[in-house]
Amino acid sequence: MVQKQGKENAFTRRGCKNTKSRKAIISLLEKAETPLSAEEIFLQLKEAGVSANLSTVYRNLELMESLGLAGKMVMNDGKARFEITGEGHKHHLICTSCHKMIAIDFCPMESLQKDVIDKTNFDITGHKLELYGVCPECRKTE
């Protein structure tokens, strides 16, 4: 994963200020085990004593996404969640009941991607995989 200092410097390299709230959002996303919504980030910033309103969080997340520092995924509940980007890419299992997300630590798309390239001569520059279902905890309660 790209080091925190590299992420923070990405702001200044592109002519943007490296504000306290941006540093705090980067830190939260790096520590998060699952992608976070803007509301979750806002509440965690508030708990940490970082002064930022919800619209500031949204603007900073949009900026981070445009700079390639954060990735955005819109869930089937309509909520956008964000995660820090790093080297490589991530795939997720997503529970349709509790919306828990589990990162898949390998790429199940590699062989499919190779087959698609071989058959279509398409220059694939990336992909994203989200598998939806019901997690073991939610299955127990059904």
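The single residue among L67, L93 that is touching a residue at least 12 places away in the same chain (Cβ under 8 Å) and under 22 Å from C138 (Cβ atoms) turns out to be L93.
Of all residues in segment 19-42, those that are more than 14 Å from E65 (Cα to Cα) have Cβ atoms under 8 Å from Cβ atoms of residues that are charged (D, E, K, R) and not in a helix (DSSP H, G or I), 6 or more apart or on another chain, in A32/E83; T34/R81; T34/E83; T34/K100. On inspection, L29 fails the criterion of being part of a helix (DSSP H, G or I) and farther than 30 Å from T12 by Cα. Output yes when any residue across segment 115-127 is touching a residue at least 40 places away in the same chain (Cβ under 8 Å), assigned to a loop (DSSP other than H, G, I, E, B), outside the structural domain of R59 (by TED's automatic domain parsing) and over 17 Å from S37 (Cα atoms), and no when none is. For segment 115-127, residues touching a residue at least 40 places away in the same chain (Cβ under 8 Å), assigned to a loop (DSSP other than H, G, I, E, B), outside the structural domain of R59 (by TED's automatic domain parsing) and over 17 Å from S37 (Cα atoms): absent. Would you check if N60 is touching a helix residue (DSSP H, G or I) at 6+ places or on another chain (Cβ under 9 Å) and surrounded by 14 or more Cβ atoms within 10 Å (Cβ to Cβ)? Yes. Here R14 fulfils each of the conditions (1) surrounded by fewer than 18 Cβ atoms within 10 Å (Cβ to Cβ); (2) free of Cβ contacts under 8 Å to residues at least 60 places away in the same chain; (3) out of contact with any Phe, Trp or Tyr (no Cβ under 6 Å at 6 or more places or on another chain); (4) closer than 26 Å to K100 by Cβ apart from (4). The residue that is nearest to the chain's Cα centre (by Cα), among those in segment 95-142 that are exposed (fewer than 10 other Cβ atoms within 10 Å of the Cβ) and among the hydroxyl-bearing types (S, T, Y), is T125. Taking segment 53-94 as the range and being within 12 Å of the chain's Cα centre (by Cα), modelled with pLDDT under 85 and over 22 Å from V134 (Cα atoms) as the test, the residues that pass are G68, T85, G86, H89.
The values are calculated or read from the model by the stated rules, or taken from the named source; none is laboratory data. Quantities reported herein were computed from a predicted structural model and do not represent experimental measurements. Using ideal geometry, Cβ is built from the backbone for each residue, glycine included, and neighbour counts are taken over all protein chains shown.
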